[in-house]
Amino acid sequence: MPLLHSIVHRLDPTLDGERLTLTAAPAEADNVEPVMESLVSALNDTYNTKPKGWGCFAEEGEQAGPLSVWLRDYLAGEKRFDELATALAERLASQLQEQLSVSGYLVISHQRQGDTETLFMGLVHQREGIGINDAHQAVPAAQLNTRQLTLAARINLSQWQSDSPDAQYVSFLKDRGGKKLGEGMMALLGMEEGIDAPTETRTLLKAFSDYVEKEDFDDEASREKTDTLVGYANDQLSRGEPMTLDELSALVDEKQPKAFYEHIRNADYGLSPEIPPDKRTLNQFRRFTGRAGGVSISFDSHLLGSSIEYDAAQDRLIIKQVPKQLKEQLTKQE
C-alpha cells in the first residue's frame, strides 16, 4: 500500500476539561519511513473489521460541509496535504468538544492501493508498556494501540471522482456504544448516510438462500457456493471494499455467471449494486446440512430457533414452515 502523504496531530482536553485542543504536527510525516506505512496499514486493517456507516457527501442543506470543497482543492493541487489535514483536525476538535474521551493521536493519510486512492483518518490511543533497552534492561515503553479504534473514517477518492450515482464512497466507524462520536464524524464529513450494511448483508444472504433452494442444488454444491459467497465477502471486508453483485454472481455459479444476479433483480430484493459486507452478519451465517437413510436436509443457520427447532432430548428436528413445493408433494401423496 504506497503511502502518498501522512501526518499525525494530537488532540487533548484542556486542563479544566472544558474543550479539546489541537497540537498540530509541524510538518508531514516522512513517508519514506517504513514504520509510518506499517502504522497506517495496521490502522486500515483494524478499520476494515469494524462496523461502519456508509454514505456520500451531502450536496446541499444543513448536512453539507466544507470537506468536499477542501478535497477538490487538494486534488487539484490548490491546497497542500498538511493544510487539508490541519483543517480536518480543527473541524473535528470543534465538532467533538463535548466528547473529551476522544483524545489521542489523529493519523491522517492519503494512500493508493492498485487503482484506488483513499483518504483515511483515525484516532489512535497510546498505552504504556514495558520494553527492553540496549543494555537488556526492562524499561517503560509507550506503544500505540492499533487494534483499538473508536473514531475513524475513510473516503474512497477514486469512487467519489467517478461520479457514480450509486457509489457509497464515505464510511465511518459506527459502534452501537458510540452514537455521539458517529454523529460528530458525520457532521465533520458533511455526509448523508445511505446503505445500511447489516441490513443489506442480511438481505443478500436471504437472496442467496432463496436462490440455492430454487435451483435445488445438492448438499455438496450448496456448501461450496456458501463457502464461495462467505469467502468473497471476507476478502472484500479485509480490503475495505464493497461486494459487487455482478462479481459475486459469477463466482457463485461459474456455469451461469449471470444467474444469481438475475435472480436478485427478478425477485426485486431492493439490493444495491455494491454492498458493504457486515462482519457480524457474515459470522452468524452458515448452512446446516445432513444426509442419512434416504433423508437429505439443508437449511440456513438463521432459521434455527424460528421456523426450525432442534429437540436434542428427543433427537428431533421440527420444521414449522414446510416449503411450498414439499407441501404440495406430500398433499398429493396423501
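The values are calculated or read from the model by the stated rules, or taken from the named source; none is laboratory data. The structure presented is a predicted model; accordingly, all values stated were derived computationally and were not measured. In this analysis, Cβ positions are derived from the backbone assuming ideal geometry, glycine residues included, and neighbour counts consider all displayed protein chains. Each accessible area value is taken on the protein alone, full model and side chains, heavy atoms only, with ligands, DNA and RNA left out. Shrake-Rupley method; radii C 1.70, N 1.55, O 1.52, S 1.80 Å.
Only one of these is modelled with pLDDT under 90, part of a loop (DSSP other than H, G, I, E, B), under 15 Å from the mean Cα position of the chain (by Cα) and over 23 Å from THR289 (Cβ atoms): GLU241, GLU200. Name it. Working first, answer last.
Numbers: GLU200 fails: part of a loop (DSSP other than H, G, I, E, B).
Result of the check over GLU241, GLU200: GLU241.
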Condition first: of a type in the set (A, V, I, L, M, F, W, C) and assigned to a loop (DSSP other than H, G, I, E, B). Now tell me which residues in segment 45-60 satisfy that.
ALA58
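Mind checking which residues of segment 264-279 are in a helix (DSSP H, G or I) and of a type in the set (A, V, I, L, M, F, W, C)?
ILE264, ALA267
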Farther than 30 Å from GLN113 by Cα, open to solvent by less than 80 Å² (accessible area, probe 1.4 Å) and in contact (Cβ under 8 Å) with a residue 40 or more places away in the chain: is that true of PRO323 in this structure?
yes
Going through segment 1-54 in order, the residues found to be more than 30 Å from ASN283 (Cβ to Cβ) and acidic (Asp, Glu) are ASP12, ASP16, GLU18, GLU28, ASP30, GLU33
Answer residue from segment 91-131, given it is more than 23 Å from LEU181 (Cα to Cα), over 24 Å from the mean Cα position of the chain (by Cα) and open to solvent by 40 Å² or more (accessible area, probe 1.4 Å) and is modelled with the lowest pLDDT among those
GLU128
Take the residues of segment 281-326 that are modelled with pLDDT of 80 or more and in a helix (DSSP H, G or I): which is farthest from SER222 (Cα to Cα)?
THR281
Among the residues of segment 29-47, write down those that are at pLDDT 85 or above and in contact with a helix residue (DSSP H, G or I) (Cβ under 8 Å, 6 or more places away or on another chain).
ASP45
Answer from ALA250, ALA221, ALA259, ALA267 - the residue that is farther than 30 Å from LEU43 by Cβ and touching a residue at least 60 places away in the same chain (Cβ under 8 Å)
ALA267
Any idea which of (1) at pLDDT below 90; (2) under 26 Å from the mean Cα position of the chain (by Cα); (3) open to solvent by less than 60 Å² (accessible area, probe 1.4 Å); (4) not small (Gly, Ala, Ser) is the one ASP12 doesn't satisfy?
(2)
Looking for whichever is more than 30 Å from GLN63 (Cβ to Cβ), of a type in the set (Gly, Ala, Ser) and either in contact with a helix residue (DSSP H, G or I) (Cβ under 9 Å, 6 or more places away or on another chain) or in contact (Cβ under 8 Å) with a residue 12 or more places away in the chain (or both) here; the options are ALA141, ALA197, ALA187. Which one fits?
ALA141
Residues of segment 129-149 satisfying the condition of being more than 28 Å from TYR47 (Cα to Cα) and among the aliphatic types (A, V, I, L, M)
ILE132, ALA135, ALA138, VAL139
Please state which one of ASP227, ASP278, ASP253, ASP268 is of a type in the set (D, E, K, R), closer than 27 Å to LEU326 by Cβ and either modelled with pLDDT of 90 or more or open to solvent by less than 20 Å² (accessible area, probe 1.4 Å) (or both).
ASP253
Do we have any residue at all in segment 211-230 that's under 30 Å from SER68 (Cβ atoms) and either out of contact with any Pro (no Cβ under 6 Å at 6 or more places or on another chain) or not in a helix (DSSP H, G or I) (or both)?
no
Tabulated pairs, segment 24-39, first over 20 Å from ASP12 (Cβ atoms), second assigned to a loop (DSSP other than H, G, I, E, B) and at pLDDT below 85, C-beta under 6 angstrom, 6+ apart or interchain
MET36/ALA29
Pairs needed: first member in segment 59-78, surrounded by fewer than 13 Cβ atoms within 10 Å (Cβ to Cβ); second member anywhere, of a type in the set (S, T, N, Q); C-beta distance under 9 Å; at least 6 residues apart or different chains.
GLU59/SER68
Residues that are more than 19 Å from LYS214 (Cβ to Cβ), under 33 Å from the mean Cα position of the chain (by Cα) and outside any strand (DSSP E or B): does segment 245-263 have at least one?
yes
